[in-house]
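What follows is calculated from the coordinates using simple rules that are stated; it is not laboratory data. Please read these numbers as outputs of a predicted model, since none were measured by experiment. Virtual Cβ from ideal backbone geometry, glycine too; neighbours counted across all protein chains shown.
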């Protein structure tokens, strides 16, 4: 028993699954890419990936002469800038809009519940008619 709308649910669910797969693949690909930024006037180089892997290199020995507070601030600023740049780079086509995906899945769920309810009502009514017909056939009321 399939209705004309059934393929619509299957297609929409297939699209939602494909979006999720594409998003996961894009995140994996983006996680392998890295960006580099410099801090402390080029004395520090920070590399980061979207997966959150961060590497800090002191490329200039003069960085060791900086005050601990200033060095900490520059490293923090460099890490934050590198992570921001990695997130910007991840804005590649195919990124998943989780809000839209959730909305689509919710719509599918609502449609499925409505169709299942309709199917169950039809099944219950059919069962009742069969029981009535069987009772009429046996002369039972």
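Report the full-extension gain for the segment residue 88 to residue 76: residue separation times 0.36 nm, less the Cα-Cα distance, to one decimal in nm.
Answer, rounded to one decimal: 2.5 nm.
What order, most packed first, do the peptides 42-50, 118-126 have when packing is the mean number of other Cβ atoms within 10 Å of each residue?
The packing order, highest mean first, is 42-50, 118-126.
Treat the range 97-141 as a sphere of radius equal to its Kirkwood radius over Cα pairs and apply Stokes-Einstein at 37 °C in a medium of 0.692 mPa s; give the translational diffusion coefficient in µm²/s, rounded to a whole number.
Stokes-Einstein gives a translational diffusion coefficient of 251 µm²/s.
Kirkwood hydrodynamic radius, the range 33-141, all distinct C-alpha pairs: what's the number in Å?
19.5
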